[in-house]
Amino acid sequence: MTRPLDGITVISLEHAIAAPFCTRQLADLGARVIKIERPGAGDFARAYDQRVNGEASHFVWVNRSKESLTLDLKQPAAQAILMELIAGADVLVQNLAPGAAARMGLGAEALQAKHPSLIVCDISGYGVDGPYRDKKAYDLLIQSEAGFLSITGTPDEPCKSGISIADIAAGMYAYTSVLAALLQRGKTGKGSHIDVSMLEALGEWMGFPMYYAFQGATQPVRSAASHATIYPYGPFPAGDGGTVMLGLQNEREWRVFCERVLEMPTLATTPRFDSNAHRNENREALREIIDEVFRSLSTQQVLERLDAAQIANARMNDMAGLWNHEQLQVRKRWRNVASPAGDIPALLPPGRHSAFEYRMEAIPAVGQHTESILRSLGKGEADIAAMRESGAV
């Protein structure tokens, strides 16, 4: 089966989430991804936890279908191996500490002078220039700088996202930028330099609250799991202890909700609640009414009423609920992939294609492919033994 990125080779100096998430998606589409890791411990994300049969949860998520090559890039022999690999590669992705790649001669300008068709993708917290260029950046810090924390949480306390949202945003934009660069190279024959900033990636996702606060207007308030400006839109408890998420988008739905879900048709035209603006202003009073109705119903009964009225809704799932989600099972979205800890389940990437299947291959052990990669570069037993002896690989 032919995949879109078959024949494309990606070298990645990566750790943690942003760059590995980018390159895993390239591997999903068929690219050969060679992950450069430190000899011994490898990518430090391997040690975040041991939740997946001894493997780290972050690591198994973003590193399938890759080859692991260990190199100590402080040693000339290891640097020479990396340069050989880059000479035959299409893409270099890196998210090392600010300035580290350039100090090793791996800046885009230097590399493209030798390899004009090479695509170089740098992922950093703030970008390759500007006053914040050299600042260290972790996901939570970028959530703070991008204003995400100011609109997320309760009125009393900001809350971070439960996932690494800034890393994921940067990884996604790096991935799509590499795809765009490959298309552009197909037209011009020339590579390009991609500069992806975590701040700018998450800043793009903050477009709605930024425009809501246009020209100094009041920004959205922190409203926990409820929508900040539309009501009722958020979580409501049922009588059996479950939680139902529902969302009303317009006045027609509000009338139907009152008639068929709450069974209180006159509520729809009550002056306090007859528009979204009024419902938002009086959300506490309306919440008491909704809570009283739902208190007499089970979670399933609330969902059935909402479905019958065609009101958008969802059960508030936990991780066990997601693992066992009926929709994912019926659509056959799970595959088994190999790992150092044995086979583990993995979700197929979003987007079901009729023309090809995603690549869903093993999560590598540290340095698992070092010897085979060195042999492909023409290194013999003596060369490999010497590099192992010196700690270069």
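The values are calculated or read from the model by the stated rules, or taken from the named source; none is laboratory data. It should be emphasised that the depicted structure is a prediction, and the values quoted were computed from it without experimental measurement. Heads up, the Cβs are rebuilt from the backbone with ideal geometry, glycines too, and the neighbour counts pull from every protein chain shown.
A few points about this structure:
- Summed over the range 192-208, the residues that are modelled with pLDDT of 95 or more and not in a strand (DSSP E or B) give a count of 11.
- Of residues in the range 212-241 being crowded, with 17+ Cβ neighbours inside 10 Å and farther than 23 Å from SER150 by Cα, the one farthest from the chain's Cα centre (by Cα): ALA238
- Test set (1) part of a helix (DSSP H, G or I); (2) over 30 Å from ALA27 (Cα atoms) - LEU374 fails condition number: (2)
- Filtered by the rule that a residue be buried (at least 16 other Cβ atoms within 10 Å of the Cβ), assigned to a helix (DSSP H, G or I) and in contact with a Ser or Thr (Cβ under 8 Å, 6 or more places away or on another chain), the range 179-191 gives ALA181, ARG185.
- Among the residues of the range 66-113, those that are touching a strand residue (DSSP E or B) at 6+ places or on another chain (Cβ under 7 Å) and charged (D, E, K, R) comprise LYS66, GLU67, ASP90.
- Qualifying positions in the range 10-67 - among the hydroxyl-bearing types (Ser, Thr, Tyr) and out of contact with any Pro (no Cβ under 8 Å at 6 or more places or on another chain): THR23, TYR48, SER57, SER65
- Against the list (1) surrounded by 11 or more Cβ atoms within 10 Å (Cβ to Cβ); (2) at pLDDT 95 or above; (3) of a type in the set (Asp, Glu), the condition GLU288 fails is (1).
- Take the conditions (1) surrounded by 14 or more Cβ atoms within 10 Å (Cβ to Cβ); (2) touching a helix residue (DSSP H, G or I) at 6+ places or on another chain (Cβ under 7 Å); PRO265 misses just one of them, which is (1).
- Here the condition is being assigned to a loop (DSSP other than H, G, I, E, B) and under 18 Å from GLY171 (Cα atoms); of ALA41, ALA16, ALA27, it holds for ALA16 alone.
- Selection within the range 270-299 - assigned to a helix (DSSP H, G or I) and under 14 Å from PRO237 (Cβ atoms): ARG287, GLU288, ILE289, ILE290, ASP291, GLU292, VAL293, PHE294, THR299
- Members of the range 48-65 found to be of a type outside the set (D, E, K, R) and surrounded by fewer than 21 Cβ atoms within 10 Å (Cβ to Cβ), listed by number: TYR48, GLN50, VAL52, ASN53, GLY54, ALA56, SER57, TRP61
For every residue, the table says whether it meets (1) surrounded by 13 or more Cβ atoms within 10 Å (Cβ to Cβ); (2) of a type in the set (Asp, Glu); (3) at pLDDT 95 or above; (4) farther than 17 Å from GLN368 by Cβ.
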| position | (1), (2), (3), (4) |
| --- | --- |
| GLU67 | yes, yes, yes, no |
| THR70 | yes, no, yes, no |
| ASP90 | yes, yes, yes, yes |
| GLU109 | no, yes, no, yes |
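- Between ASP274, ASP167, ASP195, the distinction of being farther than 30 Å from GLN300 by Cβ, free of Cβ contacts under 8 Å to residues at least 12 places away in the same chain and not β-branched (Val, Ile, Thr) belongs to ASP274 only.
Condition check ((1) outside the structural domain of GLN143 (by TED's automatic domain parsing); (2) polar (S, T, N, Q); (3) within 30 Å of LYS114 (Cα to Cα)) across all residues:
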residue	(1), (2), (3)
VAL178	no, no, yes
HIS193	no, no, yes
SER197	no, yes, yes
ALA213	yes, no, no
GLN219	yes, yes, no
ARG222	yes, no, no
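- Unmet criterion (only one of (1) in contact (Cβ under 8 Å) with a residue 24 or more places away in the chain; (2) in contact with a His (Cβ under 8 Å, 6 or more places away or on another chain)) for TYR233: (1)
- Across the range 139-156, the qualifying residues are those that are modelled with pLDDT of 95 or more and in a loop (DSSP other than H, G, I, E, B), and the one among them that is nearest to ALA45 (Cα to Cα) is ALA146.
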